């Protein structure tokens, strides 16, 4: 029966992926750029919702 515990081999793979992320500039820059784009999308969605919620009836 499979368990949810990490074995030492699986822990090594997790650490290896983390080191690979930090040491490979292509992966690091790609995910950093993706995080920035997603952050901007979230910011503008919240900004739009705020502006729509606080709109004055006369358009001023």
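What follows draws every value from the coordinates through simple rules; no lab data is involved. Keep in mind the model is a prediction, meaning the values are calculated, not measured. Cβ placement follows ideal geometry from the backbone for every residue including glycine, while neighbour counts extend to all protein chains displayed.
So how far apart, in nm, are the two label points at residue 50 and residue 19 if each is 7 Å from Cα heading toward Cβ?
For the pair residue 50/residue 19, the computed spacing is 4.3 nm.
What list of whole percents do you get for P(r) of region 12-53, with Cα-Cα distances grouped in 5 Å bins up to the one holding the largest distance?
6, 21, 15, 15, 11, 10, 9, 7, 5, 1
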